[in-house]
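As structure tokens, the structure follows; a few thoughts come after it.
Please treat every number below as a calculation from the coordinates, not as lab data. All values reported here derive from a predicted model rather than from experimental measurement. Neighbour counts run over all protein chains shown; Cβ positions are idealised from the backbone, glycine included.
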Amino acid sequence: MPLSSGARKARKTFSLSPESVSYLESLRKAKKAKSISSILEDLIRQRRELEAMKRFSASVTDYYDSLSDEEVVDNNAWGQFAETQFPTES
């Protein structure tokens, strides 16, 4: 999530292994980022997006798992009908 216009970043100090620092520095160079902090922000954002997608996927799975057999048949029929409404690709 982007920071709101009035939000400030918090300064924190972390101890990392030399391997982790080296890895972050290599990512910074590869992405031509201004700082390792920006790389960490990006890694955290990516992880949050991944977790959100997992939650969404789980909720979709839960929804479809909760359908009765009759609802599954009905959804399949609607899906087959929808497929007939689009032109075929050549």
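For this structure, a couple of remarks:
- Relative to the compact-globule estimate of 2.2 N^0.38 Å, the Cα radius of gyration of the stretch 18-83 comes out at 1.97.
- Candidate aspartates and glutamates - alpha carbon under 17 Å from LYS12, same-chain residues fewer than 8 apart omitted: GLU41, ASP42
- Check: the chain dipole with +1 on Lys, Arg Cβ and -1 on Asp, Glu Cβ, in debye: 1580
- Alpha-carbon centroids, the stretch 6-46 and the stretch 69-86: separation in whole Å: 47
- 3J(HN,Hα) along the stretch 20-33: 5, 4, 4, 4, 4, 5, 5, 5, 4, 5, 4, 8, 6, 7 Hz, from the Karplus curve 6.51 cos²θ - 1.76 cosθ + 1.60 with θ = phi - 60°, whole Hz, x for Gly and Pro.
- Counted residue by residue at 0.36 nm each, then reduced by the alpha carbon distance between them, the extension gain from GLU25 to GLU83 reaches 16.0 nm.
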